[in-house]
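The values are calculated or read from the model by the stated rules, or taken from the named source; none is laboratory data. It should be emphasised that the depicted structure is a prediction, and the values quoted were computed from it without experimental measurement. Note: ideal-geometry Cβ built from the backbone for every residue, glycine included; neighbour counts use all protein chains shown.
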Amino acid sequence: MGKMKSSLTPQGYKKLTVPEDWLLTPLYEVRDSNDRYSFTGGPFGSDLKTKDYQEEGVRIVQLQNIGDGKFLDNYKIYTSEEKANELLNSNIYPGDIIIAKMAEPLARACFIPNINSRLVMASDGIRLKVDKERFDERYILYYINSKVFRNEAIRRGSGTTRLRIGLSELKSIPIAHPNYLEQKKIADILTTWDKAIDLNEQLIVQRKDQKKWSMQKLLTGEVRLQGFDGEWADVKIKDIAKIYLGLTYTPSYEPNGVPFLSVKDINGGKINFNNVKYISKDEYESSTANAKPKRGDILFGRVGTLGNPVIITEDIDFCIFVSLGFLRMLDDNIYNYYIKYWMSSNLFKRQVDSLIAGSSQKNLNTGWLKEFKLKLPPIEEQKAIASLLLNFDKEIELREKEREQLQQQKKGLMQLLLTGKVRVKV
């Protein structure tokens, strides 16, 4: 490692320690000076109103489209060519960097993808066209999304409910950088990590789609697993399980004791005990058994987030609020994991949606739930179907852990490479 120096930074900013042969260039000076709009913000809200939106035309880049290093293509609105021409200084083009003026997180940035020949920024975007003769634009994007840049942006941001930052605050934040060739090498390394993360993400999406398809086909009997040909029964929930609801009153809470769960404590097929409330052991003992799920029961949300089933897999004392309920199978010919996957499927969701359509309150009424219909194969086929779906879940969970590891490794690399603490050979 070469010698490090504490470089001069613009007034009011914290000093950065970088290698002696690195430079600090204010963000504004990274722009392409040959383009008069190479560092500019989106229009005032009064210049681009809802009435200017239409279903096709020139794409508007909204705050929701700006991901942390990735363009998010889910939100699509457009305006006319005429309006885009009026807002020429807010036009943005494929390959440009767009920076978010508002959290969360503040000053996150991504490249504009090649989806249109030009786009228009909404008011909360900032365009940066990089001088490609002096800077590798990938390096600049990585640096903008780095911890050191973001912390400086947050320090300069303003706003009580939601942080925001403008051109004048952003323009003088320094970019620490080596020569062009070393920038390129650093960007190549980080791009390799991004490709691995993207591939992992694609595999997760693929497996989720395969699981969804399998649930639709297997839980209806449209596709049968090899070796099974038994008759299926058309049943209702009341035929296979008893429904229990949580406490309808608010108990006295304690700093610790027996966990008391509500609908906010279940998500993604799991219980999160990290932020639960507690009741005393005495109150737990005196509470109705109907609010105390046991191992093997299926816990589900019945207020707000409906369904979201969780199998109780441990012998643990806890009590539930009325926003939760649970199913207890009536006999050993009903496999709880099969029912859990049915409750996670569109087969269940469609029955819920048909009953709460148009209602302002999303409550899963137990009277409705008793009448929900499903197809039930013999117990061994239930277990085989559930086992196949469980294997999907295990692989998805493994891939998600791998993705998190890759993301953490990339963050660590960014911290080392973008500060010069670790140098690369050119």
request  = Take the residues in region 183-217 that are of a type in the set (A, V, I, L, M) and under 22 Å from Gln415 (Cβ atoms), then tell me which one is surrounded by the most Cβ atoms within 10 Å (Cβ to Cβ).
outcome  = Ile186
query = Where residues in region 124-153 are farther than 22 Å from Gln407 by Cβ and β-branched (Val, Ile, Thr), which of them is surrounded by the most Cβ atoms within 10 Å (Cβ to Cβ)?
reply = Ile126
Contacts under 8 angstrom Cβ, first residue in region 156-181 being without any contact (Cβ under 8 Å) to a residue 60 or more places away in the chain, partner aromatic (Phe, Trp, Tyr), 6 or more apart = Tyr180/Phe135
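Every residue, every condition in (1) assigned to a helix (DSSP H, G or I); (2) touching a Lys or Arg at 6+ places or on another chain (Cβ under 9 Å); (3) not aromatic (Phe, Trp, Tyr), yes or no:
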| residue | (1), (2), (3) |
| --- | --- |
| Ile175 | no, no, yes |
| Asp188 | yes, yes, yes |
| Asp194 | yes, yes, yes |
| Leu199 | yes, no, yes |
| Gln202 | yes, no, yes |
key: Test: Leu364 is modelled with pLDDT under 95 and surrounded by 18 or more Cβ atoms within 10 Å (Cβ to Cβ)   = yes
ask   = Among Leu119, Leu106, which is of a type in the set (A, V, I, L, M), within 16 Å of Gly67 (Cβ to Cβ), surrounded by 15 or more Cβ atoms within 10 Å (Cβ to Cβ) and in contact (Cβ under 8 Å) with a residue 60 or more places away in the chain?
value = Leu119
query = Which pairs do you get when a residue that is among the acidic types (Asp, Glu), found in region 374-400, comes within reach of a residue that is part of a helix (DSSP H, G or I), reach meaning Cβ atoms under 8 angstrom, with the pair 6+ apart or on two chains?
reply = Asp393/Lys211; Glu395/Arg207; Glu400/Ile204
request  = Return the residue satisfying two criteria in turn: it lies in region 25-75 and is within 19 Å of the chain's Cα centre (by Cα) and polar (S, T, N, Q), and of such residues it is nearest to Gln183 (Cα to Cα).
outcome  = Asn65
ask   = Just wondering, is there one or more residues in region 362-382 that are in contact with a Pro (Cβ under 8 Å, 6 or more places away or on another chain) and within 25 Å of Gln206 (Cα to Cα)?
value = no
Test: residue in region 238-251 that is over 30 Å from Gly367 (Cβ atoms), β-branched (Val, Ile, Thr) and assigned to a loop (DSSP other than H, G, I, E, B) = no
inquiry  = Where the second residue is loosely packed, with under 15 Cβ neighbours inside 10 Å and in a loop (DSSP other than H, G, I, E, B) and the first is aliphatic (A, V, I, L, M) and lies in region 244-267, which pairs have Cβ atoms under 7 Å and are six or more apart or on separate chains?
reply    = Val258/Asp317; Val263/Gly304
ask   = Considering region 140-180 alone, what residues qualify as being more than 26 Å from Gln408 (Cβ to Cβ) and charged (D, E, K, R)?
value = Arg156, Arg162, Arg164, Glu169, Lys171
Residue in region 49-57 that is in contact with an Asp or Glu (Cβ under 8 Å, 6 or more places away or on another chain), in a loop (DSSP other than H, G, I, E, B) and under 23 Å from Leu167 (Cα atoms) present = no
request  = List every residue pair whose Cβ atoms lie under 6 Å apart, where the two residues are 6 or more positions apart in sequence or sit on different chains, the first residue falls within region 85-97 and is assigned by TED's automatic domain parsing to the domain that holds Leu119 and within 13 Å of Tyr37 (Cβ to Cβ), and the second residue, located anywhere, is part of a helix (DSSP H, G or I) and among the charged types (D, E, K, R).
outcome  = none
inquiry  = Can you pull out every residue in region 277-322 that is of a type in the set (Gly, Ala, Ser) and either farther than 22 Å from Lys362 by Cβ or free of Cβ contacts under 8 Å to residues at least 12 places away in the same chain (or both)?
reply    = Ser280, Ser286, Ser287, Ala289, Gly296
query = Looking at Leu374, Leu398, Leu417, which one is surrounded by 14 or more Cβ atoms within 10 Å (Cβ to Cβ) and out of contact with any strand residue (DSSP E or B) (no Cβ under 7 Å at 6 or more places or on another chain)?
reply = Leu417
key: Residue that is within 26 Å of the chain's Cα centre (by Cα), at pLDDT below 95 and either in a helix (DSSP H, G or I) or basic (Lys, Arg) (or both), where the choices are Arg403, Arg350, Arg399   = Arg350
note = Given (1) outside the structural domain of Tyr338 (by TED's automatic domain parsing); (2) over 22 Å from Gln210 (Cβ atoms); (3) of a type in the set (D, E, K, R), Lys383 misses just (2)
ask   = How many residues are outside any helix (DSSP H, G or I) and more than 17 Å from Ala233 (Cβ to Cβ) if we restrict to region 374-393?
value = 0
inquiry  = For region 39-53, which positions are in contact with a helix residue (DSSP H, G or I) (Cβ under 9 Å, 6 or more places away or on another chain) and more than 25 Å from Ser172 (Cα to Cα)?
reply    = Asp47, Leu48, Asp52
task = Select from region 130-166 the residues that are aliphatic (A, V, I, L, M), under 28 Å from the mean Cα position of the chain (by Cα), under 15 Å from Tyr28 (Cα atoms) and not in a loop (DSSP other than H, G, I, E, B) and list them in ascending order.
result = Ile140, Leu141, Ile144, Ala153
